[in-house]
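Okay, structure first, notes after.
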Amino acid sequence: MSDRASARASALPARGRTVAAAALTAMAAAAGVVTTAAAAPAAGPGSGDGDQASVKTQIAALYRQADQLTQTYDAAQEQAGKLGLAVQRSQSALQVMQTDYQHQRVTLGAIAADQYRAGDVDDRLALMLADHPDTFLGNEAMAARLSDEQRRKIAEVVEERRQIDQLQHAAADQLSALDQTRDSAAQSRTQVSEQLRKAQALLATLSAPQRAAAVQAGLGTDPGSDFTGQQVDPTLLDQPALAPSDRARAAIAAALADLGKPYVFGAEGPDAFDCSGLIQQAWRQAGVELPRTSSEQAQAGQQVPLSQIQPGDLVIYYAGRSHIGMYLGDGKIVHAPHPGTDVKIAPLMSMPVNMVVRV
């Protein structure tokens with residue numbers, strides 16, 4: 001077996017296990033969000049006392065839950081992509097190794113034929129050599145009749161068969177994880193659609209001006225959570241500041257170029273975005289590759305105190321780190337809020353800040 005095939009075989013099973021584990025992590029996150037969604041406030045035209053403020057509060061809550069589910073959907077989609085690539089690599093490596101193995105079997109057949117013609121083994125043992133070289137090699141009496149070169153060749157075939165078996169198991173695990181991850185993504189998509197349907201039903205109870213105001217109101221605070229977020233002296237945010245690096249300036253410029261483009265859940269550009277898709281795309285334009293979801297992006301740099309925030313920093317919101325924006329300076333962020341809105345500039349403190357991350 002070639003060194004290249006051997007290296008490929010030894011690396012891929014480990015990669016398969018790593019990606020499969022990541023998929024299971026994404027699915028566990030999905031399960032947690034499903035619980036959150038189940039606790040949503042009752043929605044519908046007949047709920048509550050008809051108070052407009054109450055309706056708007058419920059709409060904002062539904063949008064927040066949809067935003068959180070969207071991040072779960074994004075994570076599942078990202079893992080499905082990685083798993084798909086891993087499966088393709090495994091299958092390609094398997095094809096190469098199995099072709100090589102068949103060539104090696106020809107060598108074993110020649111060794112078996114030589115042994116049979118020499119009268120050293122009977123035809124049953126010759127077949128055993130061709131079909132079960134590991135068993136034959138383990139028989140000291142039989143192995144002693146082989147030359148060093150023949151034993152080396154048989155050992156190579158035995159090792160290649162072992163690697164093929166290992167890779168087949170890894171590929172099967174990858175395929176199973178891929179199926180589960182796709183199911184998780186489909187489930188999250190359905191749940192997002194349900195939350196948005198509830199929001200639309202509530203919006204239908206309002207007048208046209210009230211509907212517009214409710215949609216543009218943003219995600220707001222989370223009355224159902226004890227999380228109030230970090231606080232900062234407003235005077236620290238009331239003046240413009242320069243981005244600290246060329247990369248930050250490039251990322252800000254890229255995000256601002258997308259102002260007015262619609263929010264679409266699961267979208268990552270160039271014509272529509274969800275919140276983390278916007279941030280990923282903006283920093284990609286600056287030459288930095290960030291993870292796909294807001295919770296992953298929260299781990300993609302150095303955490304800094306809110307009081308030391310600088311333009312270009314990532315601002316992660318809510319206890320579940322389910323929303324993200326980019327700081328522009330002067331107490332403003334750019335972000336993609338929720339369905340029905342476009343990428344826009346908003347106050348930094350319009351949502352409870354979880355953490356600030358500098359890329």
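Some observations on this one:
- A straight chain from Asp233 to Val304 at 0.36 nm per residue would run longer than the Cα-Cα distance by 24.0 nm.
- Cα-based shape type of the range 305-351, given that a ≥ b ≥ c are square roots of the gyration tensor eigenvalues and the cut on a/c is 1.5: oblate
- Positive minus negative residues near Leu237 (Lys, Arg vs Asp, Glu; Cβ under 10 Å): -2
- Residues whose amide H lies under 5 Å from that of Met355, counting only those 5 or more places away or on a different chain, are Ile316; hydrogens are built 1.01 Å from N in the peptide plane.
- Approximate spin-label separation Thr99-Ala241, in nm, with each point projected 7 Å along Cα-to-Cβ: 5.8
- Accessible area of Arg151 in the full protein assembly, 1.4 Å probe (Å², nearest 10): 70
- Packing, as the average of other Cβ atoms within 10 Å across residues, places the peptides 280-290, 323-333 in the order 323-333, 280-290, highest first.
- Computed with a 1.4 Å probe over protein heavy atoms only, the accessible surface of the range 170-287 comes to 52 Å² per residue.
- Remark: spin-label model distance Asp148-Ser92 equals 3.9 nm, labels positioned 7 Å along the Cα→Cβ axis.
The values are calculated or read from the model by the stated rules, or taken from the named source; none is laboratory data. Predicted model only: the values in this text are computed from it and were never measured. Every residue, glycine as well, gets a Cβ built from its backbone with ideal geometry; the counts of neighbours run over all protein chains shown. Accessible surface is based on the protein model in full, side chains and every heavy atom, while ligands, DNA and RNA are left aside. Shrake-Rupley method; radii C 1.70, N 1.55, O 1.52, S 1.80 Å.
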